[in-house]
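For reference, the structure discussed in these notes is given below.
The values are calculated or read from the model by the stated rules, or taken from the named source; none is laboratory data. None of these values were measured; they are calculated from a predicted model. In this analysis, Cβ positions are derived from the backbone assuming ideal geometry, glycine residues included, and neighbour counts consider all displayed protein chains.
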Amino acid sequence: MPKTTDKLKDFEKSLEQLEKIVTKMEAGELGLEESLSHFEKGIALAKNCQDTLSNAELRVEQLIEKNSLQQTIPFEDLDED
């Protein structure tokens with residue numbers, strides 16, 4: 001399972017970097033070029049995090065199906081109560 005551990009560390013590292021970028025940009029002390037550079041990096045990090053989460057969700061769904069467990073309910077449907 002080293003690959004899973006590495007992916008989790010990469011996800012956590014990307015999320016931490018993204019949080020730092022957001023904090024810097026919200027402070028409003030960056031110039032235009034620096035802001036654009038940070039924004040570009042932030043978009044790449046956000047995509048990386050989203051891809052990792054999507055893969056994790058797919059893996060969970062596959063495990064549930066493989067083991068004939070309860071049917072999954074999308075998170076979006078949980079708010080309809």
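A compact table of results
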quantity	calculated
Selection status of Thr52, surrounded by 15 or more Cβ atoms within 10 Å (Cβ to Cβ), in a helix (DSSP H, G or I) and among the hydroxyl-bearing types (Ser, Thr, Tyr)	yes
Top-ranked residue of the stretch 1-59 - restricted to ones that are free of Cβ contacts under 8 Å to residues at least 12 places away in the same chain and basic (Lys, Arg), ranked as nearest to Phe75 (Cα to Cα)	Arg59
Residue in the stretch 37-46 that is within 10 Å of the chain's Cα centre (by Cα) and not polar (S, T, N, Q) present	yes
Check on Leu18, part of a loop (DSSP other than H, G, I, E, B), at pLDDT 75 or above and surrounded by 10 or more Cβ atoms within 10 Å (Cβ to Cβ)	no
Among residues of the stretch 25-81, those that are of a type in the set (Asp, Glu) and either modelled with pLDDT under 85 or closer than 16 Å to Thr4 by Cα (or both), counted	8
